[in-house]
Structures are given as C-alpha cells and as structure tokens.
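Structure first, commentary second.
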Amino acid sequence: MLEGSNRSFFINEPWQEYVKLNRMADRVDNEGVSMASAPGPSLPPGKDFRSQQGVALLMLMIIMTMAGTALVLHTLPTESLRWNRNKVSLEVLKKVKEALIIYAATNDTRPGELPCPDLDFDQDADGPGYGDNNGSVCATDTGPTLYVGRLPWEDLGLNERDVKDVQGEVVWYALAMEFSLSEPTINSSTEADDMGEDIVAVIFSPGAGVAELDQFRVTDDDLLDWSNYLEYISVGDTIEGAVTYPLEAEEEFNDLWLTISRDEILTAVEKRVLKSAKVCLAQFAADNSGKYPWAAPVANGDNNGVCGTYFGRLPLDTLNVDDVADCAAATPDSPAMDSGWATRSECTDLLSGGWIHDNAWQDLLFFQLTAGFDPGTAVTGCGMNCLKINSGSTDYQAVVILAGEELDDTSPEQDRSVLGATIVIENYLEDNNLTASTTLNFDFTKIFTDTFNDRVACLDGTDDATEAEFCPGE
C-alpha cells in the first residue's frame, strides 16, 4: 500500500490500471489520426498533421512510462506483502500460544496438560473414537496415536476469528505425547523428548500448497490431512506417535510456526505447587500454635513423617506430630496437635486424590523446619537456629523447596530415572540447598541457570492463605 493511502492503487489492481492506461493511449492515437482525415475546419495557422502526430506520440510515451512505473511498483512490495501477511498470521499464533499456556497452567484436573488436537474439524479435542476428549489417550487412527491436527479452539475458549490466519485457515497444532492426557503424570521431572529441545507443542500457519510435495486441498479428506498443509512434519509409526518438525527451513518449506517450550508450560505450574505447599503449611502452623509437623527423611524415599526429622520431603502421606522430647521413646507422647492434613481445605490438592499428589509432585517437595517451632508443648522461638535465605538477615521458621527439572550440568549429573534415585538428594537440589539442613542457609533466586533451578518458599509465622510472596523481602 502506498504511504498515506487508504487504498492500494498499484498493488491490488495493477492489471486493471495497465489496461486502462493502454486504452487511453489507443484513444488518443486514434483521435489524432481521425483529426487528420475528417472533414471540418482547417488546422490553425502554423499547425500541420505532423505536428499533431508528434504531440500524440509524446502523450503515448508519457502514458506508457506511467504504465511501466505501475508495473515496477507492483513488483517492489512483494517481500513487504509477504512480511505483512506473516505479521498478521504471527499475531494469531501468539494469541493461540498464550491461550494454550493459560489452558495448561490453570487446568484444575492436571496442570501442565495440553489438549489433544482436533482431527475431524469439529473445533474440539479428539480422544478415542473421535469427538471424545475424555479418554486415556489422544485419538488413534490405524495404530499410532495422533498428535497433529487442527487447533481445538473451542476447548481453549477462543472464537473462530481468533484462530484463523491471513489465508482464512484454522491454525494447525502438533503436541508432544508427554504433555498430553496419554502421560500418566506431569511434573517437573517430565521431559519432552519427541520434538527435541524441550519443545512440547508447535502451532502452524500453513503456506500455500506445495505442488512438488503433492499437497492438494480439494476433498474433505484433503482438508483433514496435515500432510496437505505442513511440510517436513513426521509422525512416528509407534503407539507413542512421536512428532518431529524442521528446526531449519527446507527449500519447499513455507509454513510459519511458533513453539511452546517445556519451561513456558511448567513455570506457572511449579509456582502453583509451591504456593499450595506454603499455604498448607502456614495454615497448619496457624491452627497448631505456630508449630509444624516433622519432615519425611529423604533416605526413606517416601512422604511419611518421622519424629525428630527437621529436613526431608513434605510428609503428605503420614503426618507425625510426636513431641520432640519423646522422639526417642518407644511410645512417644503426642501433643495436642492435629494428626492429619484433611481438616484444612488449603491442603486438599496436596493429598491423595488431589492433582499435586496424583502427579507425583510430592517426590519433588522438600521441607525444613527449625528447632523451637517443632512439635512440642510450647513454641520457644528459633534463636540462633533460625533459617536464612542467601545469608540474609531475615529469620524464618520453615522453608519449602520445589525441585525443578533434572539438570545435566551439575556434578554429578542428576538422574531421577535410575532405581533408588529418590533417596539421593543430589538428584533434586543444588548448591547450598544440598547442605542447608546443617548450615540452615538456603539459596533463593528468580533467575535459573544450567546448574540451579530450585524454587524456595519461606514461612515466617505471618503467612496466611492469601500470601503470594514466596520469600518476602528477598
């Protein structure tokens, strides 16, 4: 479009303007000839036919120059046009990406899960039998589980106009199996291997059909076949249905795409988990005169609290609140404290049947309480045993740590897949958090690195169920 114009004169109608200008030239030339042969008044003094013909030729040259200029102007903005089209489609892809991340992060059943693709163009996700998105896997077709289809925009709460690119196509969508309902659990240890580079989903705006790749979009079956729209996508022939896509464009590749990374999905989910754990513990302490339960020893590899354990996993399966003075006794004397979590609604998601527990997040939640706020007859305060963050001056009564994804660059490398991995703290935490149970100093940062990704929440006795800050003042 020309600068300052509301109408693309040369871009939208170049052939019409070219025809119009040539007709004008023909008319002028014909009128010049007819003036020489038609009867009527004689030519003005000093004028003859040749001078008139010269004027006509001059006008023709001007008009043809204008027509040529129009054609040149038509060819110049080709790249600009392509960029403008891509820009419109890219905005659609950005909106879709945001909707998918919100869907995963706010999913009440299993945060982190993305919807299955739409395989029959009915606007919603398809499970077994098509149209059923409540099954245990995404839809199947002749064996492999399919993870490539149209975007299920109704499930995302979007309108059709929100999901159509500049060509009027509903965008396409490829999903990693590990972040679909086919995966039994989704947590910080879940890896996205199928697409590589920690990509969990790709959203596509397809270009025009590529004849060399036999892409046709004529029949109903054509319109449902991703291979008629997307280039160089491959779907594995196993039940996992591994999806791969090109990281670098090939010659015939004309799709525009955006990726969604594992971190973009799980960052918000990890914060939900950590906040739930902090709020639950804070409410427990508020209901029990400021005292916290015992932790579950890491060496036991479970979530059962043991008397006298100040650091370990969050004791979500079995709570132990035996008096600290009686931990060594054969029959400890339990103080007047709650012996279960279930009476607090703030803890529901963390217990069996809740999404945090059922997705094995409890394996990744660690907990440290300090002497003086442990189970007993009275709260004495922590004195010199208060917990610190980054060697700061603020005193804390307890700290919750959520382990991030396993890291390859730590020494030793973290590996949670081997037998007995759950009893090795080095497979979960990094830096000072490995020894914080003795130093009482924890690392907290908002910027992760290749060797540190622990999330930390602090409790200072003033926290309540609405507390949003993980470590106030840090």
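The values are calculated or read from the model by the stated rules, or taken from the named source; none is laboratory data. Since this is a predicted model, take the numbers as computed values, not measurements. Remember, those area values only see protein heavy atoms, side chains included, never the ligands or the DNA or RNA. Shrake-Rupley method; radii C 1.70, N 1.55, O 1.52, S 1.80 Å.
Please work out how much accessible surface Thr449 shows to a 1.4 Å probe, ignoring ligands, DNA and RNA, in Å² rounded to 10.
Result for Thr449: roughly 70 Å² accessible.
Roughly how many percent of the accessible protein surface of the stretch 347-394 is carbon and sulfur, given a 1.4 Å probe and a whole-percent answer?
50 percent
Leaving out same-chain residues fewer than 8 places away, which lysines sit with a Cα under 22 Å from that of Lys291?
Lys275, Lys278, Lys388
Tell me, what is the 1.4 Å probe accessible area of Asp358, in Å² to the nearest 10?
Per-residue accessible area (Asp358): approximately 80 Å².
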